[in-house]
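Computed from the coordinates by the stated procedures, all read-outs in this text should not be read as laboratory data. Owing to the predicted nature of the structure, the values given are computational and were not obtained by experimental measurement. Quick reminder, even Gly has a Cβ in these numbers, built from the backbone with ideal geometry, and neighbours come from all protein chains shown.
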Amino acid sequence: MKISYVLAISLFTLSSCVSVTPTFDEALMKHVEALNNDIDKIDAAVSAVYEDKTPFSKVEGIYVDAVSNVRSAIYIAEGRATYLRNRVSGRPAQIIHKALLICQEALMTQLAAHRKAPFNVETASTFATKEACSVPKLFEARLK
């Protein structure tokens, strides 16, 4: 009788500790991938499409899409981090949320600088937006 009781408690404990990472979120990944594609489009326009410095007006629509995608991704990630706050899988969810906030900050800094003055390849390379926004994509892809 004692062995079956211990076995039942052990199985219950193991079943509650199965997940230590948040589940992969397809909607979040869709927004993060779209964001990274928008950043690639901005980088391509700055480096190859225009001969001289690229004015903000030429890529403003791409920036709007990128900001929309990062805000949507943050909204989804924040909801997941809040839901998992008191669980073991809550910490990785918080890390992804924080990475998206850093990405948003980098994107908004680049957007503000580009709005003030046209960009060329050298100017664009001083911002780490592409690198900052590839981190949440990598983190979320690892959850698959």
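Taking the beta-carbon count within 10 Å as an exposure proxy, list L107, L138, L84 from fewest neighbours to most.
Fewest to most other Cβ atoms nearby, the residues stand as L138, L84, L107.
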Exercise for review: Using every Cα-Cα pair within the stretch 22-141, state what percent have a distance larger than 21 Å.
Suggested key: 37 percent
Review point. Using the count of nearby Cβ atoms within 10 Å as a rough guide to exposure, how do F24, F119, F127 rank from fewest to most?
Key: F24, F127, F119
Review point. Which GluC sites (Glu not before Pro) from the stretch 33-77 combine a DSSP loop assignment with at most 11 other Cβ atoms within 10 Å?
Key: E51
Point to revise | Those aspartates and glutamates that a straight Cα-Cα span of less than 15 Å connects to K144, excepting residues fewer than 8 apart in one chain | key: D25, E26, E33
Check your understanding: How far apart, in nm, are the 7 Å Cα→Cβ label points at R87 and E105?
Key -> 2.8 nm
Check your understanding: Over the Cα atoms of the stretch 92-144, Rg to Rh with Kirkwood Rh, two decimal places?
Key -> 1.09
Practice item. Could you check the simple spin-label distance between V121 and A44, using points 7 Å along Cα→Cβ, in nm with one decimal? Key: 1.7 nm
Check your understanding: Roughly how many whole Å is it from the C-alpha centroid of the stretch 97-144 to that of the stretch 51-73?
Key -> 12 Å
